[in-house]
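J.: Take this structure, written in structure tokens, and hold onto it; I'll ask about it next.
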Amino acid sequence: MKFFDNTPIGSLVTRTISDIETISDIFSQGLFVIIGELLKLIVVVCMMFYTDWRLALISLIAIPLLLIATAWFKHNIKSAFQDVRKEVSNINTFIQEHIVGMNLVQIFNRERSEFEKFKKINKNHLNANLRSVFYYSIFFPIVEILSALSIGLIIWYGGDAIISGKEVTLGELVAFILYIYMMFRPIRQLADRFNVLQMGIVGSERVFKVLDTKDFIKDDGDVIKDQIQGTVKYKNVKFSYKDDNWVLNGISFSIEKGKKLALVGRTGSGKTSIINLLNRFYDIQSGSITIDGINVEKFKLDNLRKHIAVVQQEVHLFSSSIMQNVILFDENISEEDVLNASKEIGIHDFIMSLPGGYDYIVGERGVTLSTGQRQLISFLRVYLRNPQILILDEATSSIDSYTEQILQSALQKISEGRTTIVIAHRLSTIVDSDKILLLKNGVVLEEGSHSELLKLNGEYKKMYATQHSEEN
Ligand SMILES: Nc1ncnc2c1ncn2[C@@H]1O[C@H](COP(=O)(O)OP(=O)(O)OP(=O)(O)O)[C@@H](O)[C@H]1O
Ligand SMILES: [Mg+2]
């Protein structure tokens, strides 16, 4: 998660699609042409030496100069291509971000100014491309000049030799002029294919950078459990997303198997962070988190996550049918299982009320459904997987009381016999919890059952009183 937090989507898309394409171009357009032209070059040079070694050496006088020019060209064109790839990635990042956030752009009338920004990024892209064209426009004439130079030298030396009656014949001289043309043609072609080759090399460097990314989370545990009890214990957990900006500053609590724990606290107090540590989206800096007394780092990662189901604050749906979104393309879950489960937790009627029922195609990211509806679907997702530990990060946005009711009874059903951690914004939904933790600035401020906390006469009571009076 840390990697995806810090890497723009557009940049990753560029690397996985168009940078890969530049690599495939090496094979489809670059490599074979290059091998063919190289062979031509070798044959021509051999023929030159076979015909007359002195004329051959003179024809090759320009080659060192050509090598120098090529080295210069290669160096510059590479940095130009690196810029081109970087700008392509910038364009993709910008477009991706702005299309996803189009509603925001429109709400705040930002179309014109964002378009100006887009033009600027495009301009950078153009400039990077122009720079690469510029190096070509210098390099090709240099190759021309060197080829003309070679021909000049051959005519000068060969002509002189013929006139002074040495071993060179007119036929050989003409042959060498043609050889030189034949030698420089593949060289020009090769330089042209540098384009493809260099692009591919730059592309592959970018792709390897992604491939070489080390996993932040080491999957080197070897505990695999078919069943867990679900006793969760946090001991003195310290955690920060970055450096020592502690988001959690020594959190300790425990929850017995099958019990219900609620986390409450102001926005930004670290509730979502706490639960993201249990299934190891992030690793902690110090302290320990255990399930049934086993440190979560000791579990094999997929086994750990198999036992923990999370309904996230923001539910993500793929642009597919409700059915596919529930089973998440898992072939072990039958449609019948889904129907039964959704009836059990009481959301069958809601799904059937959608056009097409379970075959209703939700838009990308689930935009065609409301927040509450998305949560209901993710409940079903979780319920089908029958996890021992259930985590629910309540959506902040309020939902209508009807959906709320369905959600509550579904939750009741789902959490039966499971260890449940609920993050709640409306305290009315968690009064029946076995334990409530009130978080503030990364520490547990108050802890206890609802009635115990009320007796404390502290922050919780204040929060509860405020909400209670709002509700009445
Ligand atoms: N991916 C992240 N990278 C860096 N900092 C983060 C990240 N996610 C959260 N934070 C920071 O960590 C702190 C706790 O955030 P967290 O999401 O845990 O709060 P929360 O209690 O769940 O809030 P809310 O009630 O609004 O959901 C915040 O200060 C937030 O800015
Ligand atoms: Mg949160």
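J.: Quick one: which residues, 5+ away or cross-chain, put their amide H under 5 Å from the amide H of LEU369? H built at 1.01 Å from N.
T.: Amide H neighbours of LEU369, under 5 Å, 5+ apart: GLY363.
J.: Still on this structure: Per the 1.4 Å probe, what fraction of the accessible area of the chain, in percent, lies on carbon and sulfur atoms? The partial results should precede the final answer.
T.: On the way: 14720 of 25550 Å².
Ligands and nucleic acids excluded, carbon and sulfur reach 58 percent.
J.: May I ask you to compute the full-extension gain from GLN405 to LEU170, defined as 0.36 nm times their residue separation minus their alpha-carbon distance, rounded to one decimal in nm?
T.: Result: 74.5 nm gained on full extension.
J.: Please list 3J(HN,Hα) in residue order for segment 194-207, calculated via the Karplus relation 6.51 cos²θ - 1.76 cosθ + 1.60 where θ = phi - 60°; whole Hz, with x for glycine and proline.
T.: Along segment 194-207, the couplings run 3, 2, 4, 5, 5, 3, x, 5, 4, x, 5, 4, 5, 5 Hz.
J.: Let me ask you something else. Enumerate by residue number the GluC sites (Glu not before Pro) in segment 397-472 meeting two conditions: DSSP loop (anything except H, G, I, E, B), and at most 12 other Cβ atoms within 10 Å of the site's Cβ. Don't skip to the answer; put the middle values down first.
T.: Details: sites: GLU404, GLU416, GLU446, GLU447, GLU452, GLU459, GLU470, GLU471; in loops: GLU416.
Answer in residue order: GLU416.
J.: Output the relative contact order of segment 232-471, whole-number percent, from Cα pairs under 8 angstrom with separation of 6+ residues. Don't skip to the end; give the middle numbers.
T.: Working: 399 pairs, mean separation 66.2, N = 240.
Computed value for segment 232-471: 28 percent relative contact order.
J.: So how tilted is helix 63-100 from the main axis of the chain? Cα-based, degrees 0 to 90, rounded to 10.
T.: The angle comes out at about 30 degrees.
J.: Can you compute the equivalent ellipsoid semi-axes for segment 164-203, i.e. the square root of 5 times each eigenvalue of the Cα gyration tensor, sorted largest first and rounded to whole Å? Numbers along the way, then the final one.
T.: Working: eigenvalues 289, 11, 4 Å².
Taking √(5λ) for each eigenvalue gives 38, 7, 4 Å, largest first.
J.: Could you give the dipole magnitude of segment 2-211 about its Cα centre, charging the beta-carbon of Lys and Arg +1 and that of Asp and Glu -1, in debye to the nearest 20? Please list the in-between numbers first.
T.: Details: 21 positive and 18 negative charges, 120 e Å.
In debye, rounded to 20, segment 2-211 gives about 580.
J.: OK, next. For the pair TYR50 and THR213, what calculated FRET efficiency results from E = 1/(1 + (r/R0)^6), where r is the Cβ-Cβ distance and R0 = 41 Å, to the nearest 0.05? Present the calculation step by step, with values, prior to reporting the outcome.
T.: Numbers: r = 53 Å, r/R0 = 1.30.
For R0 = 41 Å, the calculated efficiency reads 0.15.
J.: From the residues SER286, PRO355, SER240, which one has its Cα farthest along the dipole of segment 232-471 in the positive direction, the dipole being from +1 and -1 charges on Cβ of Lys/Arg and Asp/Glu about the Cα centre?
T.: Of SER286, PRO355, SER240, it is SER286.
J.: A further question follows. Taking H placed 1.01 Å from N in the peptide plane, check which residues at least 5 places from SER319 or on another chain put their amide H under 5 Å from its amide H.
T.: ARG365
J.: Another question, if that's okay. Before anything else, pin down the relative contact order of segment 128-191: Cα pairs under 8 Å, at least 6 apart, normalised by residue count, whole percent. Write down the numbers at each step before the final one.
T.: Working: 21 pairs, mean separation 22.8, N = 64.
Relative contact order of segment 128-191: 36 percent.
J.: Probe of 1.4 angstrom, ligands and nucleic acids ignored: what's the accessible area per residue over the chain, in square angstrom? Mind dumping the intermediate values first?
T.: On the way: 25550 Å² over 472 residues.
Per-residue accessible area for the chain comes out at 54 Å².
J.: Another question, if that's okay. For the charge dipole of segment 168-236, defined by +1 on Lys and Arg C-beta atoms and -1 on Asp and Glu C-beta atoms about the Cα centroid, which residue among LEU178, GLN229, GLN198 has the Cα displaced farthest towards the positive pole?
T.: The listed residue farthest towards the positive side: GLN229.
J.: Something else about it: Can you tell me the orientation of helix 371-384 relative to the chain, as the angle in degrees between its alpha-carbon axis and the longest Cα principal axis, to the nearest 10?
T.: 90 degrees
J.: Next up: Using the scaling law 2.2 N^0.38 Å as the reference, what is the normalised Cα Rg of the chain?
T.: Details: Rg = 34.3 Å, N = 472, 2.2 N^0.38 = 22.8 Å.
For the chain, the normalised Cα radius of gyration is 1.50.
J.: Quick query: amide H of GLY265 versus all other amide H atoms, modeled in the peptide plane; which residues come in under 5 Å with a sequence gap of 5 or more or a different chain?
T.: Excluding prolines and chain starts, which carry no amide H, the hits are LEU439.
J.: For LYS300, give me every one of the lysines with a C-alpha distance below 22 angstrom, ignoring sequence neighbours fewer than eight places off in its own chain.
T.: Candidates past the 8-residue exclusion: LYS2, LYS214, LYS218, LYS225, LYS233, LYS235, LYS257.
The values are calculated or read from the model by the stated rules, or taken from the named source; none is laboratory data. Just so you know, these numbers come straight off a predicted model, no measurement behind them. FYI the Cβ positions are ideal-geometry reconstructions off the backbone, even for glycines, and counts take in every protein chain you see. In case anyone asks, the SASA skips ligands and DNA or RNA and just uses the protein heavy atoms, side chains included. Shrake-Rupley method; radii C 1.70, N 1.55, O 1.52, S 1.80 Å.
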